[in-house]
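This report concerns only the one structure given below.
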Amino acid sequence: MKRFVLFVVSLLFFTITAVCQLSISEMFTENRKTPMGLDEPHPRFSWIIDSDQRQVLQTAYEIKVGENAEDLEPGRAIYWSTGRVSSSQSVHVPYTGQPLEPGTRYYWQVRVWDNRGNVSDWSSVSWWQTGLMANSGWEADWISTAQNDDGNVSYFRKEFILEPGREIEKATAYLTAKGLYEARLNGERVGDAYLTPGWTSYNKRIQYQAYDIKDLVRDGRNTIGIILGEGWYSGRISRNVYGSETALLAQLIVEYADGETTLITSDGTWSVSNGPLRSSSIYDGEIYDSEKEMTGWDEPGFDDSSWAYADVKDYSFDNIVHTINEPVRKHEELKPLDVFITPGGDTIVDFGQNLVGWVSLSAAGGRGDTVILSHAEVLDKQGNFYTENLRGAKQRNIYILNGNDQVLEPCFSWQGFRYVKVQGLKRMPRGDDMTAIVLYSDMDQTGEFYTSDSDINRLQDNIVWSQKGNFLDVPTDCPQRDERLGWTGDAQVFCSTAAFNMN
């Protein structure tokens, strides 16, 4: 009898445990996790359900949205709720509540019911932050410089003061450019995205990015510094397509706990100058002169009295849109597989894998020494460095050293390569001197394919690496020669495989 009771109790325990294993594992707003800068007035929510049982289907859901995470706690007044909705839909459920405010962070949770009568706990709290909402919130000016030559790079800076002793609730930077930008605040890089704002049909739309800068601003004096290059907007890759003059748009909003705000915008009071990055071209690479480095240019107190004032441009705001695509980020890092001398006498570093990105170089040399890194995918039949397939693209980064130990890498250019020819180092490069950093759009891997045949597995690996190399903001045809264009025929042939491999 005791054994029977124990069996029933055990069975009941395991049944209850199994019933409770319904949960929400991932949450997305407009297909992204915790996105910033959404101008969509009716953002769509998606989620993934987890269960330890088979054939579990969602039969209903409930979503609630709050202006603070605390608003989602039981018994609190919430901003919007769907109530219990009988539906299996878990992808792109639209927000249909009251109008959203610009520059505001909203928090949301979801719970679901399944076809076995179970209800999940409320999910963890996710959030999204609205942007400037249909460009109505832009108060900044487009700014540029008269020094807009091919490959030219400009450095912009602006000092501003935040009143000491005031509690900062939130601080956001909204940035975009006709060209490519890298932003710095008080000496620190803003965000981990590269090649922003990305490649669009600029005459029709220019994406802007929103960044949380609360941890970067401080009481008293602050400095925003932005480097601006030609990127896809001008230069050889798109000459006479969009425009020849790069420009910058920046707006920083600091919100205090008492509800007041401080606004910092790009305008004619910003200073602009040339700097150590003398030129940058997507096809040809970069020239960086360390002897012209401006220590502290992106921090308060730097003497910019010799700099010019930025030119204000009367450009339209009608084509500015919030960011839709995944940003380009750094991913894998590869160390050299081999270093050798070719039959032709060149010093070659072999990374063992064809990749797209750039090389981070640790260099120590004399002041004024010039180091040249040239990039190629293959060697010729004799084992020599081969670049004829690059056609007119130089794919070369040139660094002029300042005599100190340095770590150098590009800013607005990238290369497709396996082999790097090194010129100008006073000694043979060592493995610790160089690291290949792989760049591609921040795609989650969703599919894998393995067989018992190593050659087929290698083919699949090559396909994945090719996708990484050619999904750099837009799907391109090649990452190395003077093309790198978004041919839709190539994408059409590959799209089903791409969707299998990556999200």
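The values are calculated or read from the model by the stated rules, or taken from the named source; none is laboratory data. The structure presented is a predicted model; accordingly, all values stated were derived computationally and were not measured. FYI the Cβ positions are ideal-geometry reconstructions off the backbone, even for glycines, and counts take in every protein chain you see. Areas reflect the complete protein model, heavy atoms only, side chains present, ligands, DNA and RNA absent. Shrake-Rupley method; radii C 1.70, N 1.55, O 1.52, S 1.80 Å.
How large is ³J(HN,Hα) for each residue in region 271-278, as worked out from phi by the Karplus curve 6.51 cos²θ - 1.76 cosθ + 1.60 (θ = phi - 60°), to whole Hz, x for Gly and Pro?
9, 9, 7, 7, x, x, 7, 6
Round to the nearest 10 and give me the degree value, 0 to 90, for the angle of helix 454-470's Cα axis relative to the longest principal axis of the chain.
In the chain, helix 454-470 runs at an angle near 80 degrees to the longest axis.
With an 8 Å Cα cut-off and a minimum separation of 6 or more residues, compute the relative contact order for region 153-273 in percent.
40 percent
Step through the residues of region 339-353 one at a time and calculate ³J(HN,Hα) from phi using the Karplus curve (6.51 cos²θ - 1.76 cosθ + 1.60, θ = phi - 60°), rounding each to whole Hz and writing x for Gly and Pro.
In residue order, the calculated couplings are 10, 8, 9, 6, x, x, x, 7, 8, 10, 10, 10, 8, x, 8 Hz.
Using +1 at the Cβ of each Lys and Arg and -1 at the Cβ of each Asp and Glu in the chain, identify which of T196, T446, H42 lies farthest towards the dipole's positive end.
T446
Would you calculate a helix-derived [θ] at 222 nm for the chain, using -39,500 (n - 2.57) for each DSSP H run of n ≥ 4 and dividing by the full residue count, to the nearest 500?
-3000 deg cm²/dmol
Just the number, please: carbon plus sulfur as a percent of the accessible area of region 309-416, 1.4 Å probe, no ligands or DNA/RNA counted. Kindly include the intermediate steps, with their values, before the conclusion.
Details: 2330 of 5030 Å².
With neighbouring chains kept in place, the figure for region 309-416 is 46 percent.
Check which residues have an amide H placed less than 5 Å from A171's amide H, if you skip close sequence neighbours.
I213, K214, E255
Pop out the ³J(HN,Hα) list for region 309-321 in order, Karplus 6.51 cos²θ - 1.76 cosθ + 1.60 with θ = phi - 60°, rounded to Hz; leave Gly and Pro as x.
8, 5, 8, 8, 10, 8, 8, 6, 9, 5, 9, 8, 10
Run the dipole for region 220-274 about the Cα centre, Lys and Arg Cβ at +1, Asp and Glu Cβ at -1, nothing else charged, and hand back the magnitude in debye, nearest 20.
In debye, rounded to 20, region 220-274 gives about 400.
With the Cα gyration tensor of region 223-357 giving a ≥ b ≥ c as the square roots of its eigenvalues, does the rule (a/c under 1.5 for rounded; else a/b larger than b/c for prolate; else oblate) give rounded, prolate or oblate? Intermediate values should be presented prior to the final figure.
Values: a/c = 1.86, a/b = 1.76, b/c = 1.05.
Here region 223-357 falls in the prolate category.
Based on the alpha-carbon gyration tensor of region 129-179 and its eigenvalue square roots a ≥ b ≥ c, which shape applies: rounded if a/c is under 1.5, prolate if not and a/b is larger than b/c, or oblate?
The shape class here is oblate.
So what is the accessible area of region 335-379 per residue, in Å², with the probe set to 1.4 Å?
It amounts to 36 Å² per residue over region 335-379.
Please list, in chain and number order, the residues 5+ apart from V56 or on another chain whose amide H is under 5 Å from its amide H, with Hs placed from the backbone.
Under 5 Å from the amide H of V56: no residue qualifies.
Where the only charges are on Cβ atoms (+1 Lys, Arg; -1 Asp, Glu), what is the dipole of region 18-151 about its Cα centre, to the nearest 20 debye?
On the way: 10 positive and 18 negative charges, 162 e Å.
It works out to roughly 780 debye.
Over 21 Å between Cα atoms, which of K158/K178; K381/K426; K204/K468; K178/K204 qualify?
As for pairs spanning more than 21 Å Cα to Cα, those are K381/K426; K204/K468.
What does the C-alpha gyration tensor say about the overall shape of the chain? Classify as rounded when a/c is under 1.5, otherwise prolate if a/b is larger than b/c, or oblate.
oblate
Helix 488-501 sits at what angle to the longest principal axis of the chain, using alpha carbons and giving 0 to 90 degrees rounded to 10?
50 degrees
Mind putting a number on the dipole of the chain about its Cα centre? Charges go on the C-beta only, +1 for Lys and Arg and -1 for Asp and Glu, and I need it in Debye to the nearest 20.
1200 debye
Among V254, Q58, Y315, whose Cα projects farthest towards the positive end of the dipole of the chain, with charges put on the beta-carbon of Lys, Arg (+1) and Asp, Glu (-1)?
Of the options given, the answer is Q58.
Need one number: convex hull volume per residue for region 371-465, Cα atoms only, in Å³.
Roughly 175 Å³ of hull volume per residue.
At a Cα cut-off below 21 Å, give the lysines reachable from K64, other chains included and same-chain residues fewer than 8 away excluded.
Within the straight-line cut-off, K64 pairs with K33.
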